[in-house]
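A short reminder: the numbers here are calculations on the coordinates, not readings from a lab. All values derive from a computational prediction rather than experimental measurement. Note that each Cβ is placed from the backbone with ideal geometry, even for glycine, and that neighbours are counted across all protein chains shown.
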Amino acid sequence: MCKFVGVLSLPLLIGLSGCTATAWSEKFSVETVELPKECAGWQKIDVKQRTTLALMRLDPRLLVDIDAHNLRGRNLGCWE
């Protein structure tokens, strides 16, 4: 069984030995997006559905505030 596995892996090793690292050696540029200064430290608040349902019962005002926060960030262009 061990010899059989060795024979099967031989073509794989031969194929890999001919590979070159051209894909990894190519240079690429990363686009940077300028965010408004108002976005510094501003992060979207994601709320799971279960949490949303609990907040609707316990503290609906907090849910409205989170939604307003997320809407303001989207209007400022901090996220989509």
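Here are the numbers for the structure shown:
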item: Other-chain or far-sequence residues with amide H under 5 Å of Gly77's (modelled H); result: none
item: Order by protection proxy (mean Cβ within 10 Å, highest first), peptides 64-73, 37-46; result: 64-73, 37-46
item: Spacing of the two label points (7 Å from each Cα toward its C-beta) at Leu58 and Asp46, in nm; result: 2.1 nm
